[in-house]
Ligand SMILES: [Zn+2]
């Protein structure tokens, strides 16, 4: 029997946050590969544009 350790992984969490991007035009959030963002392979679901900025960690939901 294996018990999953209830441990926090700050690095993994930071990595998760780094994969979340915010559309610069409509503010939609989406999770994607940073490499894909850089190569502009990711399109915003709402406004179909390809400019994103990484979501800041600890940012409060003040959209
Ligand atoms: Zn958008």
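The values are calculated or read from the model by the stated rules, or taken from the named source; none is laboratory data. Everything numeric in this text was worked out from a predicted model, so none of it was measured. No Cβ is skipped: glycine too gets one built from the backbone with ideal geometry, and neighbour counts run over all protein chains shown.
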Has the stretch 54-62 got any residue that is surrounded by 12 or more Cβ atoms within 10 Å (Cβ to Cβ), at pLDDT 95 or above and within 15 Å of the ligand (Cβ to nearest atom)?
no
Going through (1) at pLDDT 75 or above; (2) loosely packed, with under 10 Cβ neighbours inside 10 Å; (3) not in a helix (DSSP H, G or I) one by one, residue 46 fails only at (2)
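Kindly evaluate residue 6 against the criterion of being at pLDDT below 95 and under 12 Å from the mean Cα position of the chain (by Cα).
On the way: at pLDDT below 95: yes; under 12 Å from the mean Cα position of the chain (by Cα): no.
Answer is no for this residue.
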Looking at (1) modelled with pLDDT of 75 or more; (2) surrounded by 14 or more Cβ atoms within 10 Å (Cβ to Cβ), can you tell me which one residue 17 breaks?
(1)
